[in-house]
Amino acid sequence: MKQGHLKWRLFSLFTMMALFLAGCGESYITTLEPKGEGAEMQFSLMMISTIIMVVVVLVVTLIFIYVMFRFRERKGDENKIPEQVEGNHKLEIIWTVIPILLLIILAVPTVSYTFKLADVTPMKEETRDKDALVVNVTAYLYWWEFEYPDHKVVTSQDLIIPTGERVYFNLKGADVKHAFWVPTIGGKMDTNTDNTNQMWLHAYEEGIYYGKCTELCGPSHGLMDFKVRAVSKEDFNNWIDKMANVQPKVDTELAQAGEQLFQEKSCIGCHAVGNEGSRLAPNLSNFADRTRIAGILDYNEGNLKDWLRDPEEIKPGNKMTNTYDKLEEDEIDALTEYLFSLSVEKK
Ligand code: HEC
Ligand SMILES: [Cu+2]
């Protein structure tokens with residue numbers, strides 16, 4: 001009875017674990033459903049190595065089981081000493097050559113893809129392809145800046161890229177080491193403070209993909225998310241045009257009061273809107289087009305107010321906390337109205 005109980009418990013434990021682990025991959029942040037060229041290469045390398053490993057395990061297990069039964073001690077033969085073998089040329093050659101072949105099968109695509117994934121010739125000065133889109137990524141303690149140097153456009157938190165082409169990145173860290181990772185489209189690379197790393201991403205389909213910092217950088221490291229919005233080339237060109245000529249349209253009275261507060265409370269000392277302001281903090285020119293607030297909060301009024309009231313509560317150790325005079329509730333209302341009017345995509 002006891003025994004049955006234990007088995008049942010183990011069974012339910014493993015079932016729960018399987019269910020739990022099955023929830024690990026969401027299609028917008030997984031390496032197992034690739035939606036980009038780099039991710040596809042990485043996925044096929046994972047598959048080929050997994051298949052080879054499984055085949056090896058299966059073959060070895062089958063041989064092991066066969067040998068166990070075939071050569072076990074039989075009734076009546078208890079005292080029989082089997083023939084003693086020392087060395088067997090044929091077998092030794094077989095079990096040396098097979099792993100070498102398997103390693104070659106693994107090495108050829110791995111080396112080839114490694115070079116393809118590292119190929120950034122179209123962004124290099126000497127071999128620059130004028131049509132290649134280049135984005136400068138700068139990682140800050142706990143937010144991301146994306147600059148399109150050829151178009152004089154800066155945005156933050158949401159990276160907008162066109163589908164159907166390789167987009168090239170210069171990656172840098174502004175304060176400490178961070179790392180840039182967009183699993184579903186492919187690729188991860190460190191953003192260092194003392195050198196610029198380069199890589200590319202190629203999204204096949206339009207959609208929103210999640211990006212993460214993957215280098216432990218401080219208390220809010222786990223909250224240092226960004227989003228990649230892949231859009232058609234046409235939508236991308238429209239967006240770039242609008243961003244390059246961004247003119248904040250602030251029409252309601254409340255929003256205008258917010259705009260004034262944005263200057264008075266020296267928000268503008270860190271944040272830029274349009275051509276005004278500084279690059280010490282996320283560029284807010286298109287804040288109302290974001291998918292998230294501060295990279296992680298759902299995009300709604302309540303969350304923006306919570307952020308302005310006390311950013312420390314949301315992202316411990318962030319660089320905005322206590323840098324401006326405490327805001328009254330009516331000031332928060334005005335700033336919220338103002339920030340929600342900063343859009344290049346909405347009417
Ligand atoms: C000392 C510089 C500084 C000042 C002053 C400052 N901020 Fe910030 N702000 C930041 C930084 C840094 C972040 C990014 C925080 C993070 O995500 O880690 C940020 C984030 C934000 C965000 C979220 C941005 C996004 O893209 O999701 C909003 C909105 C914001 N600040 C509004 C304001 C307002 C309004 C004021 C003025 C009352 C203000 N900030 C004053 C540095 C500053
Ligand atoms: Cu980090």
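Which parts of the stretch 105-124 would a label at I52 reach, counting a residue when its backbone N lies under 13 Å from a point 7 Å out along Cα-to-Cβ? Residues passing the 13 Å test: 105-113.
With a simple spin-label model that places each label point 7 Å from the Cα along the Cα-to-Cβ direction, the separation between N322 and L32 comes to 4.4 nm.
Remark: relative contact order (the chain) = 16 percent; criterion is Cα-Cα distance under 8 angstrom and separation of 6 or more residues.
Take the Cβ atoms of T114 and S232, set R0 to 25 Å, and the FRET efficiency comes out at 0.25. Compute a Gaussian network model of the chain, connecting alpha carbons closer than 10 Å, and tell me which residue from I63, I293, I161 fluctuates the most. Looking only at I63, I293, I161, the biggest GNM fluctuation is shown by I63.
Between helix 329-339 and the chain there is an angle of about 80 degrees, using the helix long axis and the longest principal axis of the Cα atoms. What shape does the stretch 253-339 have by the C-alpha gyration tensor, where a ≥ b ≥ c are the square roots of the eigenvalues, rounded means a/c under 1.5, and otherwise prolate means a/b greater than b/c and oblate the rest? Rounded. The gain in end-to-end length when the N79 to T196 segment is fully stretched comes to 34.9 nm, 0.36 nm per residue minus the alpha carbon separation.
Each residue in M68, M41 was given a count of other beta-carbon atoms within 10 angstrom of its own, and listing them fewest first yields M68, M41. Kirkwood hydrodynamic radius of the stretch 187-337, from the reciprocal of the average inverse Cα-Cα distance over all distinct pairs: 17.5 Å. The charge dipole of the stretch 253-339, taken about its Cα centre with unit charges on the Cβ atoms of Lys, Arg (+1), Asp and Glu (-1) only, comes to about 600 debye.
On the principal axes of its alpha-carbon atoms, the stretch 149-259 has extents of 44, 36, 24 Å, going from largest to smallest. Ranking W200, L13, A255 by how far each Cα lies toward the positive end of the dipole of the chain (charges on Cβ) leaves L13 at the top. Label zone of V59 (point 7 Å out along Cα→Cβ, amide N under 14 Å): in the stretch 71-95 this covers 91-95. Grab the beta carbon distance between D175 and R9, set R0 = 45 Å, and tell me the FRET efficiency rounded to 0.05. The computed FRET efficiency comes out at 0.35. Take the Cα of L216, step 7 Å toward its Cβ, do the same at R279, and the gap between the two points is 3.1 nm.
From least to most packed, judged by other beta carbons within 10 angstrom and beginning with the fewest, V134, V108 follow the order V108, V134. Magnitude of the charge dipole for the stretch 67-177, about its Cα centre and with charges confined to Cβ atoms of Lys, Arg (+1) and Asp, Glu (-1), is about 440 debye.
Residue exposure proxy: C213, C270, ordered by other Cβ atoms within 10 angstrom of their Cβ from fewest to most, comes out as C270, C213.
Fully extending the segment from I94 to I208 would add 36.1 nm, taking 0.36 nm per residue of separation and subtracting the current Cα-Cα distance. Here the relative contact order of the stretch 253-339, from alpha carbon pairs under 8 Å that lie six or more residues apart, stands at 41 percent.
The lysines within cross-link reach of K326, meaning a Cα-to-Cα straight distance under 25 Å and a gap of 8 or more places when in the same chain, are K265, K305, K315. Annotation note: GluC sites (Glu not before Pro) in the stretch 72-159 located in DSSP loop regions with a Cβ neighbour count of at most 14 within 10 Å are E73, E78, E83, E86, E125, E126. Ellipsoid semi-axes for the chain, based on the Cα gyration tensor and the rule √(5λ), read 55, 27, 16 Å when sorted largest first.
Computed from the C-beta positions of Q247 and R128, the FRET efficiency with R₀ = 30 Å rounds to 0.45.
Values in this text are rule-based calculations from the coordinates and carry no lab data. What you see is a predicted model; the values in this text were computed from it and never measured. Counting neighbours? That spans all protein chains shown, and the Cβs are built from the backbone with ideal geometry, glycine included.
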